[in-house]
Amino acid sequence: MLVHIKTILKKADAEGYAVGAFNTQNLELTLAIARAAVAQRAPIIIQISETTIKYAGLKPITHIVETIAKNNTGEVPIALHLDHGKSFLVVAECIKAGFSSIHIDGSELPYDENVILTKESVAYAHKHGVWAQGELGTILGKEGLLRRKKKQIKPEEYMTDPNKAGEFVKQTKVDTFAMSIGNMHGMFVGSEKLDLKRLEEIDKKVRQPLVLHGGSGVSVRDIKQAVRYGIRVINIDTELRVAFTSAACGAAKKDPNIVDPRRLLSPAMDAVQKVVEQKIKLFGSANKA
Ligand code: G3H
Ligand code: 13P
Ligand code: ZN
């Protein structure tokens, strides 16, 4: 069933587990994520990026998620969230479309500008009964990782300062908070070491649920520790893309004469469902629906 994100996160916070926020792009990924949630009886967040809005259209992708959450998942709670909204405009559009949660990502801006953009978006979201996520600190990965290779940046230059985190959350009134503690977008197994000491400090300064972006590629040990230190949402995208495309390509390679798209997409959905189920178990949210 489609629910407000606060229903999911208040329970997760009270009981001390993390909820998976899984990126969808289309019908097949949405079905696979929802099937995993039902199989594990787990609350989940399904999130949509600006790139996906451009790819699929805001109304079609919103309706796909809402229809599946309302019709295919029984009592299993699913919340719809905007991932990495970079402007007030996209935030406002998603709120109008019916999202219960938005992420306003001003993390690439100077601190004061990030505060201004986040404050404005949070105020608008709250006026409409929607929760807002803010972000402080630079999450490496994708282009960020290339930049890092050229010029060695010291961790304290891009990771979130715990004192600043406390100040940012007070100033902006965000409901959830995303930070940089060694997490990276993409799958860099072995390189994504979390600074758990820093997370512990941030958790002391911020009472709101903490969000770990770049969940793909983070070790099982670090994920488990991060949940102990207050992480309540873990974003997963790349591992779903890898599962989906390798299963679809595998099916095409096995039988190059396939012309029915469903014969490529069904194994892809099964592969994604498997990954989502593993993540749900790891995050501690199985049987919490
Ligand atoms: O963190 C970003 C998400 O993985 C979304 O990526 O903009 O390619 O959809 P995308
Ligand atoms: P990964 O692609 O590393 O899983 O990160 C996903 C994410 O943070 C979406 O916001
Ligand atoms: Zn992210």
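Coordinate-derived values only; no laboratory data. The structure displayed is predicted, hence computed values, not measured ones. Because the Cβ atoms are built from the backbone with ideal geometry, glycine has one as well, and the counts that use them run over all protein chains shown.
Below are the figures for this structure:
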quantity: Unit charges on C-beta of K, R, D, E only; dipole of segment 129-229, Debye; calculated: 240
quantity: Descending Cα extents along the principal axes, segment 209-256, whole Å; calculated: 48, 18, 10
quantity: Positive-pole candidate from ALA92, GLY106, LEU82, dipole of segment 66-179, charges at beta carbon; calculated: GLY106
quantity: Where only alpha carbons of segment 1-57 are counted, the Rg and the Dmax (Å); calculated: 12.5, 37
quantity: Mean projection area, nm², convex hull over Cα of the chain; calculated: 14.7
quantity: 10 Å Cβ shell holding at most 12 others, DSSP loop, GluC sites (Glu not before Pro): longest site-free stretch of the chain; calculated: 109-289
quantity: Cross-link pairs beyond the 21 Å C-alpha cut-off, checked among LYS10/LYS173; LYS154/LYS193; LYS11/LYS119; LYS173/LYS281; LYS6/LYS197; calculated: LYS11/LYS119; LYS173/LYS281; LYS6/LYS197
quantity: Principal axis box of segment 220-289, alpha-carbon based, largest edge first, Å; calculated: 50, 24, 14
quantity: Anchor LYS253: lysines whose Cα lies under 22 Å away (excluding residues fewer than 8 positions away in-chain); calculated: LYS274
quantity: Environment charge at VAL272 (Cβ cut-off 14 Å; Lys +1, Arg +1, Asp -1, Glu -1); calculated: -1
quantity: Equivalent ellipsoid dimensions for segment 89-128 as semi-axes, Å, which come from the Cα gyration tensor, largest first; calculated: 20, 10, 7
quantity: Cα gyration tensor category, rounded, prolate or oblate, for segment 151-242 with a/c compared to 1.5; calculated: prolate
quantity: Cut-off 15 Å between beta-carbons: net charge of the residues surrounding SER87, Lys and Arg +1, Asp and Glu -1; calculated: -4
